[in-house]
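**Q** First, the structure itself, so that you have it in front of you.
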Amino acid sequence: YNVRLEPGVQTPDETLACGSGSCRDSAWLLVQLMRRLGFAARFVSGYLVQPVEDLLPIDGLPGPKADFTDLHAWTEVYVPGAGWIGLDPTSGLLASEGHIPLACTARTGDASPIVGGSDKCEVEFEFLNEITRIFETPRVTKPYSDTQWASMNALGEYVEARMKAADLRLTQGGEPTFVGFDNVDAPEWNVDALGEHKRERAEDLLRRFQSRFAPSGAMLHTAQGKWYPGEPLPRWALGVFWRKDGLPVWKNQALFAEPLRDYGHTLDNVRRFGRALCAHLDLDARFLNTAYEDGLHLLSEEARLPIDWKAEGVDPRDALARRALFARISEGLDTPSGFVLPLAFDEVGQRWYSAPWATRTGRLTLTPGDSPIGLRLPLASLPWVAEGMRDEAQARDPFAPHEPLRNYQLAASGLDIALHGEVAARYSSNLGDEDAHPEVHAQQAALHWVKVPHTALALEERGGVLHVFLPPFNALEHYLQLLAAIEQTAQALEMPLVLEGYAPPHDARMEKLLVTPDPGVIEVNVHPAANWDEMTHITTVLYEEARAARLDTQKFMLDGRHTGTGGGNHVVLGGPTPADSPFLRRPDLLK
């Protein structure tokens, strides 16, 4: 492109020979090319209007820094059934609402507003192209002016001062929703909860939030989400968890496996990780159980298949289950699916303990299914004891005050001796050859256990990546202590992993943010804000990072009307703790 100030239009041969030209030269060249291809084409002269963009583009170069307009020329081609289509060879784009035609002619000379000649004379000629915005309605990309935003901030700070004076202690969270920036007509961005690209976008979004809200020391977690009738598999739920005091939950973020990447982990890697983790927890590696699929179930299901059955060309819901069945059978009935470590925390001895899981079959056989093995444990096959002999960990009072959390990363590194006294260390030694579970009494009808843990940590390889299934805990301290041991093991073996299973127990000392799928949208469960400044910061980061992850907050109907994402966008009100909640301290507020 060349801004050529000489009068007239170059011929196509001249433009091709010099390899450059103005907009009128390129437009006339394209007219001739289209006519040579058999299309009716015409030369268009007019104005190009380019308003300054509300937001910088995700792809490509930024537009003008201020509203801009100038003379311009382009080409229109007649397409039967569609009419005249504008093509702008200068930008390589279709003509849009910013292209305002003044003249459409078969020849360039016919588009000139003045034709004739003149003698030499002295003349002063000035012209001005300028855009003036008369009125603008608020829009998603630019809802408020700077003046309006300043007024909102002033009002928010005023309300914040009134709430603080009244000792309200109100927190506000939310559940904003987003749709894809690309492929907007795909079912996953309109009606389906799951889709080809939604998980990829959600993983990117989660890591962006983690880098802004908890740049150091957060834990990334994958859980099983909602499961509605008609859906073949449960949805996923991605979470990031971090401590409010700023101390790390997980130090080395590089140990979290990248989404959809195959690290080449094998069953031997998983076994080695399990044994190393037992050493970190001061447990005997013999407690690490090998988990197998139910061979009788697989053979029974295989016998029911048609002799010429193939996965292609059948009901997708049926094919999904049968492909999984074939995958299990092809692996072999004696190939382990993973490893299970029965695990619980002894409050008296302040140590981890385990015990063998004795079953009638002689080995740990999983419940059939495709879920992580931590959700398919044969808990009903384990020893149970009578109610009067139970020694269960009690759930914590949500109204009880919390003590500050320790730095469990230092404890796992051996730099904090406060967690392990002499007595605790003495009782943490390996069990040797003694009876590993003398406390298991004769089975009686009951619902709970005493010393044989009915919670377990599970390890398996899926997609070439180590997955660690975390068991449930009543106390956050135990969860963080186990996390520190897992990280130390992964660090020593240089094995990135995926944490899944149970999330940390609810605790006012922890913060969390979840990214989940919903029909047509991605939903973000935002951590609550305790004041106006926190809420504005969270909201700003939320929408900045969502756009950077190629997610949008708007959709358009078939007739061009603007609409929202279609998600709920709920607002959640409460308090930092149950004891601080204004709705529990003042129930009359709910009237």
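**Q** Across the range 215-257, what is the number of residues that are in a loop (DSSP other than H, G, I, E, B) and either modelled with pLDDT of 90 or more or closer than 26 Å to His506 by Cβ (or both)?
**A** Of the residues in the range 215-257, 20 are in a loop (DSSP other than H, G, I, E, B) and either modelled with pLDDT of 90 or more or closer than 26 Å to His506 by Cβ (or both).
**Q** Among the residues of the range 348-364, count how many are at pLDDT 85 or above and either more than 13 Å from Leu382 (Cβ to Cβ) or buried (at least 20 other Cβ atoms within 10 Å of the Cβ) (or both).
**A** The number of residues fulfilling the criteria is 8.
**Q** Here is a follow-up. When Thr563 is evaluated against the numbered criteria (1) polar (S, T, N, Q); (2) out of contact with any Gly (no Cβ under 7 Å at 6 or more places or on another chain); (3) modelled with pLDDT of 90 or more, which criterion, by number, is the only one it fails?
**A** (3)
**Q** Does Tyr543 qualify as being under 16 Å from Leu206 (Cα atoms) and either among the charged types (D, E, K, R) or within 25 Å of the chain's Cα centre (by Cα) (or both)?
**A** Answer is yes for this residue.
**Q** Can you report the number of residues in the range 120-149 which are within 20 Å of Leu55 (Cβ to Cβ), of a type in the set (A, V, I, L, M, F, W, C) and at pLDDT 85 or above?
**A** Going through the range 120-149 one residue at a time, the tally reaches 2.
**Q** Another one. Please go through the range 471-496 and give me each residue that is outside any helix (DSSP H, G or I) and either of a type outside the set (A, V, I, L, M) or within 19 Å of Pro336 (Cα to Cα) (or both), ordered by number.
**A** Pro471, Pro472, Phe473, Asn474, Glu494, Pro496
**Q** It is to be established whether one or more residues within the range 486-498 are without any contact (Cβ under 8 Å) to a residue 40 or more places away in the chain and assigned by TED's automatic domain parsing to the domain that holds Ala411.
**A** The answer is yes, given that some residue of the range 486-498 is without any contact (Cβ under 8 Å) to a residue 40 or more places away in the chain and assigned by TED's automatic domain parsing to the domain that holds Ala411.
**Q** Here is a further query. What number of residues within the range 228-243 are at negative phi and either of a type in the set (Gly, Ala, Ser) or loosely packed, with under 13 Cβ neighbours inside 10 Å (or both)?
**A** Step one: filter the range 228-243 for residues at negative phi, giving 228-229, 231-243.
Still in the list and also either of a type in the set (Gly, Ala, Ser) or loosely packed, with under 13 Cβ neighbours inside 10 Å (or both): 228-229, 237, 239.
Final tally of qualifying residues: 4.
**Q** Can you run down the residue pairs with Cβ atoms below 7 Å, 6 or more apart or on separate chains, where the first is in the range 557-583 and under 22 Å from Val515 (Cα atoms) and the partner is among the β-branched types (Val, Ile, Thr) and part of a loop (DSSP other than H, G, I, E, B)?
**A** Taking only residues 6 or more apart or on different chains, the pairs are Thr565/Thr553.
**Q** Given the conditions (1) out of contact with any strand residue (DSSP E or B) (no Cβ under 7 Å at 6 or more places or on another chain); (2) closer than 28 Å to Gly246 by Cβ; (3) surrounded by fewer than 17 Cβ atoms within 10 Å (Cβ to Cβ), and given that Ala549 satisfies all but one, which numbered condition is not satisfied?
**A** In the conditions (1) out of contact with any strand residue (DSSP E or B) (no Cβ under 7 Å at 6 or more places or on another chain); (2) closer than 28 Å to Gly246 by Cβ; (3) surrounded by fewer than 17 Cβ atoms within 10 Å (Cβ to Cβ), Ala549 misses (3) alone.
**Q** With respect to Ala579, determine if the residue is out of contact with any Cys (no Cβ under 6 Å at 6 or more places or on another chain) and either aromatic (Phe, Trp, Tyr) or part of a helix (DSSP H, G or I) (or both). Spell out the reasoning first.
**A** Values: out of contact with any Cys (no Cβ under 6 Å at 6 or more places or on another chain): yes; either aromatic (Phe, Trp, Tyr) or part of a helix (DSSP H, G or I) (or both): no.
No; evaluated as a whole, the condition is false for this residue.
**Q** Also, quick follow-up: What number of residues within the range 12-39 satisfy the criterion of being surrounded by 14 or more Cβ atoms within 10 Å (Cβ to Cβ) and more than 18 Å from Ser91 (Cβ to Cβ)?
**A** 4
**Q** When you scan the range 523-544, do you find a residue that is under 20 Å from Gly180 (Cα atoms), in a loop (DSSP other than H, G, I, E, B) and in contact with a helix residue (DSSP H, G or I) (Cβ under 6 Å, 6 or more places away or on another chain), even just one? Give the steps one after another, and end with the answer.
**A** Going through the range 523-544, the residues under 20 Å from Gly180 (Cα atoms) turn out to be 523-526, 539-544.
Filter again for in a loop (DSSP other than H, G, I, E, B), leaving none.
Within the range 523-544, none of the residues are under 20 Å from Gly180 (Cα atoms), in a loop (DSSP other than H, G, I, E, B) and in contact with a helix residue (DSSP H, G or I) (Cβ under 6 Å, 6 or more places away or on another chain).
**Q** Go through (1) surrounded by 10 or more Cβ atoms within 10 Å (Cβ to Cβ); (2) more than 30 Å from Gly575 (Cβ to Cβ); (3) under 34 Å from the mean Cα position of the chain (by Cα) for Ser151 and report which single condition fails.
**A** That leaves (2) as the condition not met.
**Q** Is it the case that the range 244-254 has a residue that's farther than 24 Å from Arg462 by Cα and buried (at least 20 other Cβ atoms within 10 Å of the Cβ)?
**A** yes
**Q** Just one of (1) touching a helix residue (DSSP H, G or I) at 6+ places or on another chain (Cβ under 9 Å); (2) over 24 Å from Leu551 (Cβ atoms); (3) β-branched (Val, Ile, Thr) trips up Val179, so point out which.
**A** Only one criterion is unmet by Val179, namely (2).
**Q** Scan the range 73-95 and tell me whether some residue there is at pLDDT 90 or above, surrounded by 13 or more Cβ atoms within 10 Å (Cβ to Cβ) and assigned to a helix (DSSP H, G or I).
**A** no
**Q** Sticking with this structure for a sec: Say we look at the range 165-176 and pick out the residues that are buried (at least 17 other Cβ atoms within 10 Å of the Cβ) and out of contact with any helix residue (DSSP H, G or I) (no Cβ under 7 Å at 6 or more places or on another chain); which of these is farthest from Glu200 (Cα to Cα)?
**A** Among them, the one singled out is Thr171.
The values are calculated or read from the model by the stated rules, or taken from the named source; none is laboratory data. These figures come from a predicted structure and were not determined experimentally. Don't worry about glycine lacking a Cβ; one is built from the backbone with ideal geometry, like all the others, and counts go over all protein chains shown.
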